[in-house]
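Q: Quick one: the structure is below, questions incoming.
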Amino acid sequence: MISEQLKLVRWATVCVLAGVGCGDGGARSHTLPWEEGGTQVLEADGSVRNVPTPAGSACLDIAGECVQAQLTCEGRGAELVLGSSGELVQTVCYPAGDTLTVEEIGARGGDVDQTENNAVILLDNLDDGVDIAGDLSLDANNVVVYGENPANAVISGGLSVDGNNAIVRGVRIQGDVEILKNNAVLLHCVIEGNLTIHGNNTVLAGCDVFGSITVYGNNTKLVGNRIAGPLVNPGKNTECDSNVAAVDANEDRVLAATEVGAALSCGE
């Protein structure tokens, strides 16, 4: 039997997925936060900017490289992750689909399971506390969890990614994060617990991690992160660029400039 607590967590997830106000009786309509065909750039220092998307087969000049995000992403929204020298580390393509409806989620008891590929979970940018209460498990492929700002887009539990090609962007996770499958991308995020990476080809860029990072998978990219815990790397072919050590001296789970220290290696 499903516990009452789990039912409440599932219902909170339904509200976020559907973009409705549970408890206030009113719907909150929304569109996807990325512009179809738009291009954003995530710098190694964590800043984000919009750039004009070239037409046709024209190029964006990224550190001397011809980048054709409009072709790579087939006209969908794109985010370019840059390294410390301004070079392209990763092109992230966002889907053109819609968020799930209340009816679609409600018919499955509030679960986002293996049948829910291409789901988009949109967290609002309001300073209204926790958006998803409890843990979130992504068992489907190509799932996007998207927030504009990790200060406002909050998951109070942990996050488990058991599907391929997940994108987690602009979200604060107050528990642990575990990456079990391949090609996960985590951008502009805050992880208050530990991060464990089992899958291959994971990208972590522009994030604050207050716990440890342990990499078991292959071909992991760690770019522009501030890491308060140890970085343990028994994985293979891990790339590290512009990561720095940090100490949350006042334990407020916000890193001030005075709490950021020296460059951090991959720990090999």
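Each reported figure results from applying straightforward, stated rules to the coordinates on display, with no laboratory input. No experiment lies behind these values; they were computed from the predicted model shown. Quick reminder, even Gly has a Cβ in these numbers, built from the backbone with ideal geometry, and neighbours come from all protein chains shown.
Q: Starting from 0.36 nm per residue, how many nanometres of slack lie between GLU239 and TYR216 once their C-alpha separation is accounted for?
A: Taking 0.36 nm per residue and subtracting the Cα distance, the gain is 7.0 nm.
Q: Based on the Kirkwood radius over alpha-carbon pairs, what value in µm²/s does the Stokes-Einstein equation return for the translational diffusion coefficient of region 52-91 at 25 °C and 0.890 mPa s?
A: My calculation gives 237 µm²/s for D.
Q: Taking amide H positions as placed in the peptide plane 1.01 Å from N, state which residues far from GLY261 in sequence (5 or more) or on other chains have amide H under 5 Å from it.
A: ALA245, ALA246, VAL247
Q: Scan around LEU195 for amide H atoms under 5 Å from its own, H built in the peptide plane at 1.01 Å from N, and keep only partners 5 or more places away or cross-chain.
A: VAL177, SER212, ILE213, THR214
Q: Label-point separation (nm) for ALA256 and LEU126, each offset 7 Å from Cα along Cα-to-Cβ?
A: 3.1
Q: Based on other C-beta atoms within 10 Å, arrange CYS207, CYS73 from fewest to most.
A: CYS73, CYS207
Q: Over region 111-263, what relative contact order in percent results from Cα pairs under 8 Å that are six or more residues apart? The partial results should precede the final answer.
A: Details: 487 pairs, mean separation 19.9, N = 153.
Averaging sequence separation for qualifying contacts and normalising by length gives 13 percent for region 111-263.
Q: Ranking HIS188, HIS198 by Cβ neighbours within 10 Å, fewest first, what do you get?
A: Ascending number of Cβ neighbours within 10 Å: HIS198, HIS188.
Q: What list of ³J(HN,Hα) couplings, whole Hz, do you get for region 175-180 from phi and the Karplus terms 6.51, -1.76, 1.60, once you set θ to phi - 60° and write x for glycine and proline?
A: Those phi angles translate into x, 7, 10, 10, 9, 9 Hz.
Q: Hey, fewest Cβ within 10 Å first, where do ASP128, ASP135 land in order?
A: With the sparsest Cβ surroundings first, the list reads ASP128, ASP135.
Q: What percent antiparallel are the DSSP beta bridges of region 39-93, to the nearest 5?
A: 75
Q: Sticking with this one: Which peptide among 50-56, 164-170 comes first, and what is the full order, when sorted by highest mean count of other Cβ atoms within 10 Å?
A: Those peptides, ordered most packed to least, come out 164-170, 50-56.
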